[in-house]
Each structure stands twice: as C-alpha cells, then as structure tokens.
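Undergrad: The structure that follows is given in the form of structure tokens.
The values are calculated or read from the model by the stated rules, or taken from the named source; none is laboratory data. Note that this is a predicted model, so its numbers are computed, not measured. When we count neighbours, we look across all protein chains shown, and the Cβ atoms used for this are built from the backbone with ideal geometry, even at glycine.
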Amino acid sequence: MASADTTPVLELSGIGKEFGAIRALHDVDMHVHPGEVVGLMGDNGAGKSTLVKIIAGNFRPSHGEIRFGGSAVHFNRPIDARGVGIEVVYQDLALADNLTAAANVFLGRELKRKFGPIALLDHKAMASRALELFGELRSETRPDDLVKQMSGGQRQAVAIARTRLSNARLVMMDEPTAAISVRQVEQVLGLIHRLKEQGVAVMLISHRMPDVFAVCDRVIVMRRGEKRADKPIHETSPEEVTALITGAKEAA
Amino acid sequence: MAMPLESPITFSNVSKVKWWRRGIFASQTGYVLLALLVLMVVMHFASPYFFTEGNMQNVAKNFSFIAIATLGITFVIITGGIDLSVGSMMCFSAMITSMVMVELSAPGLAFVHLAADGKTVVANVPGLIFVISVLAGLCAALIVGLVNGFCIAVLGLSPFVTTLGMLSIVRGLAYVVSNGRGSFPGGPDADYFYALTSGDVLGVPAPFIYLMILAAVMAVVLHHTSFGRHVFALGGNEKAAELTGIPVVRVKIEVYVICALAAGLQGIIISGWLGSAPANMATSYELNVIAAAVIGGANLAGGIGGPLGAIVGCVLLEVIRNGLVLAQVNSYWQQTLVGVIIILAVLVDRIRSRMT
C-alpha cells in the first residue's frame, strides 16, 4: 500500500518534547501514507502516548514540525487536529453508555432540522447514516440499541464509526484490543482493514504483538523517547520487535 | 422504533432487544408508574372519597407544588449533579417577588396613582407591577443558578458542597432582606398574582397547567435537541462528552440555571397559594424534591431521568400522603413511608438490572 510517490498524510520531523527537566521525546521523524496501517510499539514510558498526544493536539511539541497532507500544521487544542482530519479512538472509547449507538456516533455533531427558530434533532437521518457506517465496517450494530447493551467489538465499531463520520484521514487507535475477547479482537482487526480499504491511514498503538503483525504494514518501535526502528512488517519478526522494545537490541 | 430503511447489514447473531426490555418498560419510571396505578386502585376501594372531583383537584394542586422544581432538578440529576439549594431558592424568589410587588405598589412611584377617594391605590398599567415583580424573583433565581453553575463547572467544586453552601447562603439572604419576618404580596396587582398562582381554569388548578406545559417542553428539550442530548451524555460519561467536543462547562451552567429558575417559579407559585412568603417557607423541600425525582427513576449517578419520572414521583408522594389522611392513619407515618418507598424503588430497579 505504502508507496514513495504518494504524499504522506502525516509527516513528523525532529519532534521533541520536554516536560521541565524530563525529556519525553527526542528527535522523532516519521511519516504515514494514506491507506497504510502503522503499528506504534514500545514499553510503558517509551514515549508512545506523548507522541500520540502531540499528533492529536493535546500537547504542543517543544521542537520539530508536523506536516499534515503536505502542509505544516500547529495544533493548540484537540479540536484543531480533528478539524484537519485526525481522529483518535481512545482506549476507553469515550462512549456514553446511556445513549444509543447512533447518538454516540453523532455526539457533539448532531444532525438537526430547523423548525422556524428551533432546531430539533433529526433522529431518522442520524440512524440511517449510522447504519450505513456500521454497514461499511461490517459490524452487526443497531443504531438504536443502547451502548450499555453492546459487546466490546460493537463498542469499537461505534467509536470507529465516529471517526468515519468526519471523513478522517488519519485514525489513531490506542490499545483497541487490550480488554476484549478473542472473537472481538478479530472484529476489531477487521474494522482496521475496512479503514485501510477506504484509504484511511491508521496508527495502531498496541502491546499485543500478534495483532500488530496481523494488520500492520509497518512497525515503529519507541524506546526511551526515541524512535529505535521503523521497518516494513515483513522485514522483521516478533522476536526482533520484542528485543527492540526491551532494549536487548539497540536499534534496527 | 422501527428501522425506516433497507438494512445493509444482516444481523445473524445479534438479536434485537425485546420491546418489553426497552424504553419505559425496562425503566424504574415504568415500575413506579405501575405501582402508582395499583396504589390508586387500592385507594379507590379503601376510601370512596379518593376519586371524588374535589380530592383529585386537591391532589393535582398539591403535587404541582413540588413538581415544577422536580422537573428542574431532574436536569441537574441527569448530568450527575445535585442541587440542595432548591428549597431556599423557592423561599428567596417568592420573597423577592412579593417585596418588589409591595415596593412598586407604594404611592409616589410612577407605577401607581391614588383613586379619586384618596385611599385606593390603582395601577397605572394593570399587570405591569405583577410582571416586573415575577421577573425580579426569577432574576434572583437566575443569579443564584449562575453562581452555582460557575462554582461547579468553572471552579470545579463538588455540586454537593457548593449547593449545600448555597442552601445556607440563600436562606440567610431571605432572612436578611425580610428581617426574618417574611413578606406578603400586596398592591393593586395582587389579584392577578393570586389568580395566576392559586386560581384554576375550568376546575383545573393553574399550577397543574403550568406543570403540564413545562413537562412537555422539557420532554422535547431532553429528547429532541442537541442540548438535551448533551445533558444525557454528560451524565453518562463526562470525559467522553468533553473529548467529543461538547461544551461541558456551558451545559453544566445551563442545567443549574434551569434548576434554580424552576425552583424560583415554584416558590412564587407556592407563595401565591400560601398568601405570603415567610422566611422559613419551603424549608427542607429540597429533600422532597430530590426524593420525588429519585423515586420517579432519575439516577443520582447520572445519565437517566425525565419529566414523566419526575411527575410520577411527585404524584406517588402526594397520593401516599393523601391516602394516609383518607385512611385515617396517623399522618406522621407519611415521612417514614416515603423513606421506605425511596429505598424500595431503587432496590427494585437494582434487582431488575441484575436479572437482565
């Protein structure tokens, strides 16, 4: 999928971040192409989440430049990142349990119909659009079911459908397979394939080696705030990645 | 809700939730409504007076006296907050309203003139004093609501502590402005005031009419506007609400303002019925209001509640009170029974959610 002639959707160069005296990230370069699935791996404290938060607009980098779709961007708030087409699927999915699947997909960007000065929710349009999105993701999820009653895989589908709504160009998923059953992991990996088919770039942050090797085109390993490896998945092995994460192997 | 379109997905192993397990049938509000209907049938057999027109009017009037405030606090409870200042708020708004009414009715101001007999005070514009004084009462509520909302949403104080403080502050202010004596609505517009607060239309008590209108508006706001959706989202998962870009601070301030305004309006109505606004008016009403909301199915943990539940809770409390009187049971039992019902209602809901 990844080819040299397409413009990378996301390009980081020389990204660094200090929190006071602590250097969380140092000189990170990376790029992600449309339709590419990149695994971001590393132990706790390796700098993965800091990196994700910089891309998502939670933090501003101390050094370096972010280019999105070819042009330099500066995010002050997460909403700025979302504005250009970067969506994050959080580990706890950020769903409101007491609302329906459709309501969650459209949370904060509800479709409305105007009746004179009053704008009322357009339940029908939201349900049908949500159903379309679930269809694209091939997830058996009913728009008017409560999220409370759903399985882990369905919840993931709802969270991912939300990113499809805005036509995100880069979706970052934080540990999407950490707390769900084996069958649901299959579903989530399926969802990632659907995103890829539609030309969306995906960054998968995960501890689970089998999942990364099942869906990713490329793997990036972080250790002590630095990028230690950036390899196509078929040129590496779980053993090598483990060695890189733990520091048994310094760089590759 | 039927799916209005061709489904592009086939649901091979995800079955649709049965209708009796969804919506109102699976809610605490549904169970309590059922219990209420059973109780009313029992009351009918226990006392021939229960379903008389006079008694029904009485019940309708009495529960309306806390139900409007219950609608307001339901907004706050859905977001996962609480407002303990509603009782004090009722008193303060009523007091400001009647004091402003009396002040403006004093001869010498532009609002009134003396009639030819030199004694009777006549309004220059009939109804103007009434409107201004009610607006003044609601304005006081608005300010208290804004302060509550600011402390909770912007400063991040806990709703319980903030509104507990406000309970005391507002009650204290009510004593200060009236010097502890309370006040009485008076002047040329007092007749409008009494007609609109304790009067009735074709035998239906005015407070009951207001309640029905406000409940209908609330149902639309909660379920058919994005504000209502955000209120529910805030109670379901505040962090998610924030991450999805919902203006959390604004929504929170808005629900405390709505709650204070509802309590203020309720206080003004009660003072019309009492004929005065004593400084100890509506003391500890916040507990009745919260109890009614909780019995009706609003969840103090947030995310669940609605106007039907608020009203059902209030009616149940009133029917029990009324029933105990008709059945000639010592009315001191009322409070004990209310406590038992609060716990029972929540217990039944817990058992049901464990079973499914």
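Undergrad: Could you list, in sequence order, all residues of segment B:235-254 that are more than 10 Å from chain A (Cβ to nearest Cβ) and not charged (D, E, K, R)?
TA: B:Val248, B:Val249, B:Val251, B:Ile253
Undergrad: If we scan segment A:54-62, do we find a residue that is free of Cβ contacts under 8 Å to residues at least 40 places away in the same chain, out of contact with any Gly (no Cβ under 8 Å at 6 or more places or on another chain) and charged (D, E, K, R)?
TA: Within segment A:54-62, one or more residues are free of Cβ contacts under 8 Å to residues at least 40 places away in the same chain, out of contact with any Gly (no Cβ under 8 Å at 6 or more places or on another chain) and charged (D, E, K, R).
Undergrad: Now a separate question. Starting from segment B:162-186, take each residue that is touching a residue at least 12 places away in the same chain (Cβ under 8 Å) and hydrophobic (A, V, I, L, M, F, W, C) and list its partners that are surrounded by fewer than 23 Cβ atoms within 10 Å (Cβ to Cβ) and outside any loop (DSSP other than H, G, I, E, B), counting only C-beta distances under 8 angstrom and pairs at least six apart or across chains.
TA: From segment B:162-186, the pairs are B:Met166/B:Val147; B:Val177/B:Met99; B:Phe184/B:Val102.
Undergrad: How many of the residues in segment B:228-245 are exposed (fewer than 15 other Cβ atoms within 10 Å of the Cβ) and in contact with a helix residue (DSSP H, G or I) (Cβ under 9 Å, 6 or more places away or on another chain)?
TA: 1
Undergrad: Identify, by number, the condition in (1) more than 30 Å from A:Ser151 (Cβ to Cβ); (2) without any contact (Cβ under 8 Å) to a residue 12 or more places away in the chain; (3) surrounded by 16 or more Cβ atoms within 10 Å (Cβ to Cβ) that A:Glu11 doesn't meet.
TA: (2) is the only condition that A:Glu11 fails.
Undergrad: Residue under question is B:Ser271, and the condition is that it be of a type in the set (S, T, N, Q), modelled with pLDDT of 85 or more and surrounded by 15 or more Cβ atoms within 10 Å (Cβ to Cβ); does it hold?
TA: For B:Ser271, the condition - of a type in the set (S, T, N, Q), modelled with pLDDT of 85 or more and surrounded by 15 or more Cβ atoms within 10 Å (Cβ to Cβ) - is met.
Undergrad: If A:Gln91 satisfies all but one of (1) surrounded by fewer than 16 Cβ atoms within 10 Å (Cβ to Cβ); (2) closer than 28 Å to B:Val220 by Cα; (3) in contact with an Asp or Glu (Cβ under 8 Å, 6 or more places away or on another chain), what's the number of the condition it fails?
TA: So the condition that A:Gln91 fails would be (2).
Undergrad: Hey, among the residues in segment A:65-98 that are within 19 Å of A:Gly153 (Cα to Cα), touching a strand residue (DSSP E or B) at 6+ places or on another chain (Cβ under 9 Å) and modelled with pLDDT of 85 or more, which one's nearest to the other protein chains (Cβ to nearest Cβ)?
TA: A:Asn98
Undergrad: Which of the following residues is charged (D, E, K, R), under 18 Å from A:Ser139 (Cα atoms) and touching a strand residue (DSSP E or B) at 6+ places or on another chain (Cβ under 8 Å): A:Arg169, A:Arg162, A:Arg194?
TA: Result of the check over A:Arg169, A:Arg162, A:Arg194: A:Arg162.
Undergrad: Whether any residue in segment A:187-208 is under 23 Å from A:Ala46 (Cα atoms), under 16 Å from the mean Cα position of the chain (by Cα), within 14 Å of chain B (Cβ to nearest Cβ) and of a type outside the set (Ser, Thr, Tyr) is what I want to check.
TA: Checked segment A:187-208: no residue is under 23 Å from A:Ala46 (Cα atoms), under 16 Å from the mean Cα position of the chain (by Cα), within 14 Å of chain B (Cβ to nearest Cβ) and of a type outside the set (Ser, Thr, Tyr).
Undergrad: Can you find even one residue in segment B:285-304 that is aromatic (Phe, Trp, Tyr), under 11 Å from B:Gly87 (Cα atoms) and touching a residue at least 40 places away in the same chain (Cβ under 8 Å)?
TA: yes
Undergrad: Quick one: would you say B:Ile341 is assigned to a helix (DSSP H, G or I) and within 24 Å of B:His224 (Cα to Cα)?
TA: Taking the combined requirement at face value, the residue does not satisfy it.
Undergrad: So in segment A:99-148, with the set limited to residues that are more than 8 Å from chain B (Cβ to nearest Cβ), part of a loop (DSSP other than H, G, I, E, B) and over 21 Å from B:Ala240 (Cα atoms), which one is modelled with the lowest pLDDT?
TA: Step by step, filter segment A:99-148, then rank; the result is A:Leu137.
Undergrad: What number of residues in segment B:309-336 are farther than 23 Å from B:Pro48 by Cα, modelled with pLDDT of 85 or more and not hydrophobic (A, V, I, L, M, F, W, C)?
TA: Summing the residues that are farther than 23 Å from B:Pro48 by Cα, modelled with pLDDT of 85 or more and not hydrophobic (A, V, I, L, M, F, W, C) in segment B:309-336 gives 3.
Undergrad: Yes or no: segment A:39-59 includes at least one residue that is in contact with an Asp or Glu (Cβ under 8 Å, 6 or more places away or on another chain), within 17 Å of A:Leu170 (Cα to Cα), β-branched (Val, Ile, Thr) and at pLDDT below 90.
TA: For segment A:39-59, residues in contact with an Asp or Glu (Cβ under 8 Å, 6 or more places away or on another chain), within 17 Å of A:Leu170 (Cα to Cα), β-branched (Val, Ile, Thr) and at pLDDT below 90: present.
Undergrad: I'm trying to understand the selection: among the residues of segment A:149-164, which are facing chain B (nearest Cβ under 9 Å) and either farther than 21 Å from B:Phe232 by Cβ or surrounded by fewer than 18 Cβ atoms within 10 Å (Cβ to Cβ) (or both)?
TA: Hits for segment A:149-164 are A:Gln149, A:Ser151.
Undergrad: Would you call A:Phe134 surrounded by fewer than 20 Cβ atoms within 10 Å (Cβ to Cβ), in contact with a helix residue (DSSP H, G or I) (Cβ under 9 Å, 6 or more places away or on another chain) and touching a residue at least 24 places away in the same chain (Cβ under 8 Å)?
TA: no
Undergrad: Can you confirm whether A:Ile220 is in contact (Cβ under 8 Å) with a residue 40 or more places away in the chain, crowded, with 21+ Cβ neighbours inside 10 Å, in contact with a Lys or Arg (Cβ under 9 Å, 6 or more places away or on another chain) and over 17 Å from A:Tyr90 (Cα atoms)?
TA: It is true that A:Ile220 is in contact (Cβ under 8 Å) with a residue 40 or more places away in the chain, crowded, with 21+ Cβ neighbours inside 10 Å, in contact with a Lys or Arg (Cβ under 9 Å, 6 or more places away or on another chain) and over 17 Å from A:Tyr90 (Cα atoms).
Undergrad: Answer with yes or no whether B:Ala293 is modelled with pLDDT of 90 or more, in contact with a Leu (Cβ under 6 Å, 6 or more places away or on another chain), hydrophobic (A, V, I, L, M, F, W, C) and under 30 Å from A:Leu95 (Cα atoms).
TA: no
The rows are residues; the columns are (1) of a type outside the set (Phe, Trp, Tyr); (2) within 26 Å of B:Met90 (Cβ to Cβ).
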{"position": "B:Ile253", "(1), (2)": "yes, yes"}
{"position": "B:Tyr256", "(1), (2)": "no, yes"}
{"position": "B:Ala291", "(1), (2)": "yes, yes"}
{"position": "B:Asn330", "(1), (2)": "yes, no"}
{"position": "B:Leu337", "(1), (2)": "yes, yes"}
{"position": "B:Ile342", "(1), (2)": "yes, yes"}
{"position": "B:Val346", "(1), (2)": "yes, yes"}
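Undergrad: Any chance segment A:152-166 includes a residue that's over 30 Å from A:Leu111 (Cβ atoms), of a type outside the set (Gly, Ala, Ser) and not in a loop (DSSP other than H, G, I, E, B)?
TA: No, segment A:152-166 contains no residue that is over 30 Å from A:Leu111 (Cβ atoms), of a type outside the set (Gly, Ala, Ser) and not in a loop (DSSP other than H, G, I, E, B).
Undergrad: State whether one or more residues within segment B:212-234 are within 14 Å of another protein chain (Cβ to nearest Cβ), closer than 20 Å to A:Val147 by Cβ and not in a helix (DSSP H, G or I).
TA: No.
Undergrad: Filter segment B:184-205 down to the residues that are of a type outside the set (D, E, K, R), surrounded by fewer than 20 Cβ atoms within 10 Å (Cβ to Cβ) and touching a Lys or Arg at 6+ places or on another chain (Cβ under 9 Å) and list them by number.
TA: Of everything in segment B:184-205, just one residue is of a type outside the set (D, E, K, R), surrounded by fewer than 20 Cβ atoms within 10 Å (Cβ to Cβ) and touching a Lys or Arg at 6+ places or on another chain (Cβ under 9 Å), namely B:Ser198.
Undergrad: Here's another thing I want to ask about it. Mind checking which residues of segment A:7-53 are over 26 Å from A:Val188 (Cβ atoms) and of a type in the set (Val, Ile, Thr)?
TA: A:Thr7, A:Ile15, A:Ile22, A:Val28
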